[in-house]
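To start, the structure itself, in C-alpha cells.
The values are calculated or read from the model by the stated rules, or taken from the named source; none is laboratory data. Everything numeric here is computed off the predicted structure, so don't read it as measured data. As a convention, Cβ positions derive from the backbone with ideal geometry for all residues, glycine included, and neighbour counts pool all protein chains shown. Accessible surface is based on the protein model in full, side chains and every heavy atom, while ligands, DNA and RNA are left aside. Shrake-Rupley method; radii C 1.70, N 1.55, O 1.52, S 1.80 Å.
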Amino acid sequence: MRITEFYLSRALLAATLILSACTGEKEELPALAYTGEDPRVQLPLSPEDSQKHIQLPEGFTAELFAAEPNIINPIAFTWDERGRLWVVQSQDYPHKLENDVGGDRITICEDTDGDGKADTFTDFATEQSLTTGIVKVKDGIIVAQAPEMVFLEDTDGDDKMDKRTVLFDGFGTFDTHAGPSSLRYGIDNALWGAVGYSGFKNKFEGDSIIFERGVYRFGKDGSFLEPVGQFDNNTWGMGYNENFEIFGSTANNNHACYVGIPLKHYDYLEKRPSWALNADFIQGHYEIHPVDTIPLQQVDVRGGFTAAAGANFYTARNYPEKYQNQMYVCGPTGHLVHIAKIVRDGAGYKEVDGGNIFASTDAWTAPVFAETGPDGNLWVADWYNPVIQHNPDKRGMDNQIWNADKGEGNAHINPLRDYRHGRIYIIKYDGAEESDITALDPTDGQALLNALKSDNQFWRVTAQRLIVEGNKTDLIPDLIQLAGDTSLTDKNGLNAAALHALWTLDGLGALNSDNAQADQAVETALTSDSYAVKRAALALLPETMAGSETLAASGLLTDSDSQMRLVAILRAGRLPVTAELTSQMKDLAKDSANVNDKWLNAAIKVFFKEKDPGKDDEDTEKDDKAEPDVTFTLNTVPQEMAFDKKVLRAEVGQTIEIKLNNPDQMPHNLVVILPGSLDTFGPMVDQFVTDPNAEEMGYVPRSRYVLGATEMLNPNETGSVIVELPDQPGTYPFVCTFPGHWRFMQGEIIVTAAGTNDTDA
C-alpha cells in the first residue's frame with residue numbers, strides 16, 4: 001500500500017469515528033474546489049463555510065470570533081484584565097518579506113455588542129518583526145521578537161504602543177520557525193516560554209546561558225533567564241496545569257513532555273549522566289486522528305505529530321470533567337486540536353490519547369494555538385494556510401511543491417504561502433454557565449481577592465498579576481487568611497485560592513521578611529489537603545537552616561503520595577544539609593519503592609550528588625568490543641534529512657565502525673540492514689513507530705534484517721555502531737529509522753571479496 005493511500009484510509013476511519021460521536025442531522029458541507037494539477041491545491045473557503053467543516057465531540061460547537069480581513073495569520077494571543085483579546089498577526093513569517101498587509105502587528109479585538117463576534121479592532125502595534133509570542137503585563141505587553149524579548153508599552157493609556165524597550169536579546173534567528181514562543185505569566189510571578197533549535201545565548205550578571213529546544217522562565221524586567229526543561233527537537237509548546245507543574249510539546253513526534261526535575265537541580269554536574277532525568281517524553285501514542293479525506297501534507301512523522309504546537313491546559317470548569325486540566329496540542333498539518341490526556345504514572349505522568357476536540361475537513365484549516373479564555377472556553381487560532389510546514393518536502397509524497405531554494409529565515413520558498421487569511425474560534429459546550437467575571441478593575445482590591453477564588457485559572461492569574469504589579473501590600477492580611485482557608489478545596493483536591501494567595505504573598509515580598517504571619521502561612525500550608533498548595537509551600541520555604549528543619553519535620557519526605565515525595569526530595573536538595581534531612585534521605589534511598597521509580601531515584605541521587613553509577617561498567621563494555629578493521633565517519637546534513645556520505649566500501653568478514661555525528665536539529669540514527677531487505681524493512685519501521693515501546697527502542701524494530709544500529713542521537717550528539725560483516729558480498733543498506741526518515745536518509749555499504757577494496761576511513 002502506498003503511503004498516501006495508507007494515511008487516506010486512516011483518515012477516513014478517524015472521520016467516521018468522530019462523525020459517529022456527534023449528534024443531530026448533518027447538513028451537507030460546502031463543496032471544496034481545487035486548482036492546478038501538480039500540485040492540485042484546494043481553494044480557500046469563506047470563514048462561514050470553513051466553520052461548517054469543523055467537527056467536534058458531542059455537545060460542543062465552534063463559534064467564529066474574528067477572521068480576515070481584520071485578522072490574518074494569527075500565531076498567538078492573550079487577554080487583558082478587561083477580557084479583550086490581543087492577537088499577534090505574524091504576516092512576515094517565514095521570510096520577513098514586505099507584503100501588502102503591512103508586516104507583523106498586534107491587534108486588540110473587542111466584542112462591544114455582545115453577539116459573540118469581535119466588532120472593534122485596534123492595532124496596538126504595527127510594523128513589528130517576527131513576533132512569535134505574547135504575554136500581558138502592566139501598561140503593555142511583552143513579546144518575543146527574535147533575537148530580542150521586548151516590552152511594548154502604552155504610556156498614555158490610548159491602546160497604542162508608544163515605547164519599545166528591549167529586555168534582553170540572544171535568541172537565534174537563522175531559522176524563523178525555531179525561535180521563542182508560547183509566552184505565559186507563571187503562577188510564580190515569572191514569565192515562561194519555549195524556544196526551538198535556533199536557541200538562546202546571552203549573559204546575565206556574568207553567567208553565560210546557552211540553551212535550545214525546551215522551556216524556560218525569565219524575569220518581567222529582563223534580569224534573568226533560567227532554562228527549565230530540555231527536549232529533543234524543535235519546541236513550540238510550553239504549558240502548566242492547575243498544580244503549576246510544567247509540561248511542553250515538540251514539533252516532531254514528542255507532542256507531550258513533562259518536566260519532572262528542572263535543570264537547576266543539576267547545576268553541580270559538568271555533564272548530565274544517564275540517570276539525571278530532566279524532561280520525559282510521555283506521549284502514549286504515535287498517531288493523530290485527522291478527519292481529512294485527502295492525503296496529509298507532512299514532511300516526516302507522517303500520520304503522527306509533525307509541526308505540533310502548544311501545550312496549554314484547559315483550566316476552567318465550563319467543560320465536562322474529563323476535559324478539565326488536560327493538555328491541548330495543536331496539530332496544524334492534521335487540521336486538528338488534540339486532547340493529550342495527562343494521567344499519573346508513579347512520581348510522574350504519562351499521556352493517554354484523548355482524541356480531538358477540534359478537527360476540520362478543510363485542508364486550509366491549521367490550528368496553531370489554543371488557550372483557555374476569560375469566558376472559560378478554549379479559543380483557537382487558525383493560521384488558515386495551504387502551506388503549513390516550514391520546509392515542505394515532495395520526496396515520498398504526492399501533491400507537494402518541492403525545491404531546494406530557501407529564503408531568509410531558512411524556509412522553503414513556496415508561492416502557495418498565504419498572507420490574506422486567518423480565523424479565531426471559540427469552542428463552547430452546550431449549557432455551560434457564563435463567567436461570573438468579565439473584567440477586573442486593578443484598583444478594586446476586594447474584586448481582585450474574590451477573583452483568586454475563580455474557577456477559571458485565567459482570572460486567578462490575572463488577579464494575582466494585578467495585585468503584584470500594583471504592589472497592593474494592604475491586601476497581605478487578606479491573602480494570609482486566604483492561604484489558610486481549607487474550605488475552598490474542590491472535589492479534585494485543588495485549593496486554587498490558597499495556591500495563588502501564597503504566590504501572591506511571595507510576589508509582594510511578604511515572605512522571608514519581617515512578616516511572621518506570612519511565613520507561618522507557608523509553614524501551615526505544608527499540612528494542606530491540597531497537593532498544589534503543599535507544592536507551593538515547599539517551593540516558598542526559605543533556603544535557610546530553619547527551612548531545612550521545617551521540611552524535615554513536615555513528614556512530606558515520606559508522604560504516601562509519590563509525587564509529593566518527589567517535590568519534597570527535590571526541595572531538600574536545594575536547602576542547607578542537616579543531620580535530620582540526611583538521615584531521612586538515607587532511609588528513602590533504601591526503600592525499593594523509591595529506587596524503582598525513575599523520578600524518585602534520580603531525585604535522591606541529586607540530593608547525594610552522585611556520579612553515574614554505571615560509568616565503570618560502560619567503560620568495561622567498550623573495552624570488550626572488537627577493534628574495527630576500518631572506521632567511517634558520517635554526518636547528518638542539517639535540514640535535508642540526509643547523510644553526507646551515501647556509499648561506503650568494505651570487504652567481507654571485516655569489522656567496521658560507523659561513527660555518526662548529528663549536527664542537524666532533529667534526532668537521527670543509523671541502522672545497517674541485510675542486502676535486499678530495504679523494501680521489507682522500511683514498511684516494518686512505518687508500522688513499528690506506533691508501538692508504545694518504539695521510542696524506548698530507538699525506533700529500531702527487532703528484526704533479523706538488522707545487523708547493527710547507533711542509538712537515536714539528539715541534535716549535536718555523536719554515536720557509533722560496530723558491525724561484523726558477513727562473508728557474503730553484497731550491497732548492505734543503512735538508513736535512519738526516526739519516524740518518516742528511512743525513505744530519505746539512505747546509504748549503502750558495498751561489500752566485496754577480500755583484497756578488492758580500498759577501505760580508507
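Report the full-extension gain for the segment Thr680 to Val137: residue separation times 0.36 nm, less the Cα-Cα distance, to one decimal in nm. Walk me through the intermediate numbers first.
Working: separation 543, 0.36 × 543 = 195.48 nm, distance 5.63 nm.
That works out to 189.8 nm of additional length.
Which far-off residues, 5 or more places away or on another chain, put their amide H under 5 Å from the one on Gln326, with H placed in the peptide plane? Those qualifying (amide H under 5 Å, at least 5 residues apart or on another chain) are Tyr314. Between the stretch 120-149 and the stretch 289-359, the C-alpha centres lie 27 angstrom from each other. Backbone geometry of the stretch 257-268 corresponds, through the Karplus equation with coefficients 6.51, -1.76 and 1.60 at θ = phi - 60°, to 3J(HN,Hα) couplings of 10, 10, 8, x, 9, x, 4, 4, 6, 10, 4, 6 Hz, x marking Gly and Pro.
Compute the Cα gyration tensor for the chain, then decide on rounded, prolate or oblate, letting a ≥ b ≥ c be the square roots of its eigenvalues: rounded whenever a/c is under 1.5, prolate when a/b is larger than b/c in the other cases, and oblate in all that remain.
Values: a/c = 1.85, a/b = 1.20, b/c = 1.54.
Since a/c reaches 1.5 but b/c is at least a/b, the shape of the chain is classed as oblate.
Counted as membrane-span-like here are DSSP H helices of the chain whose alpha-carbon atoms extend 24 Å or more along the helix's own axis and whose Kyte-Doolittle mean is 1.0 or above; these are 3-20.
From the helices alone, meaning DSSP H stretches of at least four residues, give me the mean residue ellipticity at 222 nm for the chain, per-run term -39500 (n - 2.57), in deg cm²/dmol to the nearest 500.
On the way: 15 runs with 153 residues, N = 761.
So the helix-based figure for the chain works out to -6000 deg cm²/dmol.
Take every Cα pair under 8 Å whose residues are at least 6 apart in sequence, average their separation, divide by the length of the chain, and the relative contact order is 10 percent.
Can you work out the accessible area per residue across the stretch 701-756, with the rest of the protein chains kept in place, probe 1.4 Å, in square angstrom?
On the way: 2510 Å² over 56 residues.
On a per-residue basis, 45 Å².
Residue separation of Thr718 and Glu28 scaled by 0.36 nm, minus their Cα-Cα distance, works out to 242.9 nm of gained length.
Report the relative contact order of the stretch 491-609, percent, no decimals, based on alpha-carbon pairs under 8 angstrom and at least 6 residues apart. It rounds to 20 percent for the stretch 491-609.
Starting from the Cα gyration tensor of the stretch 631-761, take the square roots of the eigenvalues, sort them a ≥ b ≥ c, and report rounded, prolate or oblate (rounded when a/c is under 1.5, otherwise prolate if a/b is larger than b/c, else oblate). Let's see the in-between values first.
Working: a/c = 1.97, a/b = 1.36, b/c = 1.45.
Because a/c hits 1.5 or more and a/b fails to exceed b/c, the stretch 631-761 counts as oblate.
Neighbours of Thr636 by Cβ distance under 9 Å: Lys/Arg scored +1, Asp/Glu scored -1, total -3.
Taking a ≥ b ≥ c as the square roots of the eigenvalues of the Cα gyration tensor of the stretch 552-614, is the shape rounded (a/c under 1.5), prolate (a/b larger than b/c) or oblate? It would help to have the intermediate numbers written out before the result.
Working: a/c = 1.63, a/b = 1.14, b/c = 1.43.
Taking the square roots of the gyration eigenvalues as a ≥ b ≥ c, the stretch 552-614 is oblate.
What FRET efficiency comes out for Gln481 versus Thr126 if R0 is 56 angstrom and r is the Cβ-Cβ distance? Round to the nearest 0.05. Efficiency computed from Cβ-Cβ geometry: 0.75.
Once you reduce the stretch 692-714 and the stretch 165-205 to the center of their Cα atoms, the two points are 34 Å from each other. Spin-label pair Thr527-Glu627: with each label point 7 Å from Cα along the Cα-Cβ axis, the two points sit 6.9 nm from one another. A straight chain from Asp162 to Val595 at 0.36 nm per residue would run longer than the Cα-Cα distance by 150.2 nm.
Among the listed pairs Lys136/Lys534; Lys264/Lys609; Lys586/Lys609, which are separated by more than 23 Å between their Cα atoms? Checking Cα-Cα distances, Lys136/Lys534 exceed 23 Å.
So if we plug the beta-carbon distance of Gln687 and Thr473 into 1/(1 + (r/R0)^6) with R0 = 56 Å, what FRET efficiency do we get, rounded to 0.05? The value I calculate is 0.35. With the simple model of a label 7 Å out from the Cα in the direction of the Cβ, Glu580 to Ile750 spans 7.5 nm. Here the simple spin-label model places points 7 Å from the Cα toward Cβ, and for Glu549 and Glu110 these points are separated by 5.6 nm.
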